1. What FRET efficiency, computed as 1/(1 + (r/R0)^6) with R0 = 25 Å and r the Cβ-Cβ distance, is obtained for Val248 and Val24, rounded to the nearest 0.05?
2. With only alpha-carbon pairs counted, each pair once and no self-pairs, how large is the Kirkwood hydrodynamic radius of segment 100-195 in angstroms?
3. From the backbone phi of segment 53-64, what are the Karplus-calculated ³J(HN,Hα) couplings (6.51 cos²θ - 1.76 cosθ + 1.60, θ = phi - 60°) in whole Hz, Gly and Pro given as x?
4. What ranking do 135-145, 54-64, 280-290 get when scored by the average of other Cβ atoms within 10 Å per residue, highest first?
5. Using the Cα centre as the reference, give the magnitude of the dipole from point charges on the C-beta atoms of segment 145-185 (Lys, Arg: +1; Asp, Glu: -1; all else neutral), rounded to the nearest 20 debye.
6. Heavy atoms only, probe 1.4 angstrom, no DNA, RNA or ligands counted: give me Glu103, Glu94, Glu268 ranked by accessible area, highest first.
7. Multiplying the sequence separation of Ser59 and Arg171 by 0.36 nm and subtracting their Cα-Cα distance, what value in nm do you get?
8. Could you put Met232, Met132 in order of accessible surface area, largest first, with the 1.4 Å probe and the full protein assembly present?
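The values are calculated or read from the model by the stated rules, or taken from the named source; none is laboratory data. Quantities reported herein were computed from a predicted structural model and do not represent experimental measurements. Please note: Cβ atoms are built from the backbone with ideal geometry, for glycine as well, and neighbour counts cover all protein chains shown. To get the accessible areas, we keep the full protein, side chains included, count just its heavy atoms, and leave off ligands, DNA and RNA. Shrake-Rupley method; radii C 1.70, N 1.55, O 1.52, S 1.80 Å.
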Amino acid sequence: MFLSRRLLSTAAAAAARGPPPIRVALTESVGRGIFATRPVSAGELLHSAQPLVSHPSPSLLHEVCYSCLRRKSGGEGRHASGEGCYFCSDACREHAKGFHDVEKNVDWSFFDDHCSSRGLKYPYMAKRLACMVISGAANADCLNILQPARLHQGTLIEMEEEFELLESTFRKAGFQDEVTTFLTKEWYINVLARIRINAFRIELVASSYEDLLSSAAASVSCDASVGNAVYMLPSFYNHDCDPNTHIVWLENADAKLKALRDIEEGEEMRICYIDTSMDVNARQKILADGFGFECHCLRCLSGD
């Protein structure tokens, strides 16, 4: 009875909050954007989002959950899969069962060596998405709604090489053509073009002092991110070097969007894609090279 009352209370609280105070609409110059449907207070949680596809950093397969990207804390028992990766719980193992069962039947050594030797991270996400499609956990066109990156000829050649390696890896594993019909060069390039510009680099907030020290040490010695993920709604947020909204990850890859300051009804909500502490020239170069646009936000126009 107590549990039933608590569940009803939780449901009532969620209903009282109502839907997220946001809407997707076209901007005047940069395509789609996210706008406030009512006044929003600083610090307010706007909404949460689960990833469409994610993948841990290859160097952290024994320290980061292969499913939710939660970092293993000190003293936590290992839920090893026996396949060179780590799951933080039986629930995560079960959630990953479809694509992981596909992965376990494939020899990824050549594909992984190729990505590792070139410092590539996004092909791992394309590989996982392919396994998700084969297992029935995702549709082959699930990323099509997202904006693609502009690809240079050199990048296209590299992607073609990656695709041939991925396709041959599945073929050598004995997968029938019927289940890999979607896996074409066009599909792979389409997926990578969207992952490249929409993937978020995930750095989880430390949950203890020991984790904070560990994270600080990791950030000095190597890439501190636990992995990368692509989302639906968070991908519609446009950039601003003086954002009014930010995205955070507290324990796992579930993204939380929060207001940095008071936001008026109808105002566009924007996040910053890069480190806001950099000077204007550094910001402009990274945004141009990495995201393919020149920033015209008020901060950049003022030369700050």
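1. Values: r = 21 Å, r/R0 = 0.83.
Plugging the Cβ-Cβ distance into 1/(1 + (r/R0)^6) gives 0.75.
2. Working: mean 1/r = 0.0733 Å⁻¹.
Result for segment 100-195, one decimal place: 13.6 Å.
3. Couplings: 8, 8, 7, x, 4, x, 6, 10, 4, 9, 10, 10 Hz.
4. Details: 135-145: 15.6, 54-64: 19.5, 280-290: 14.1.
For the peptides 135-145, 54-64, 280-290, the packing ranking is 54-64, 135-145, 280-290.
5. Working: 4 positive and 8 negative charges, 21 e Å.
Dipole about the Cα centre, nearest 20: 100 debye.
6. Values: Glu103 15, Glu94 120, Glu268 35 Å².
Most to least solvent-accessible, the answer reads Glu94, Glu268, Glu103.
7. Values: separation 112, 0.36 × 112 = 40.32 nm, distance 2.67 nm.
Stretched out fully, the Ser59 to Arg171 stretch lengthens by 37.6 nm.
8. Details: Met232 65, Met132 25 Å².
I get Met232, Met132, largest accessible area first.
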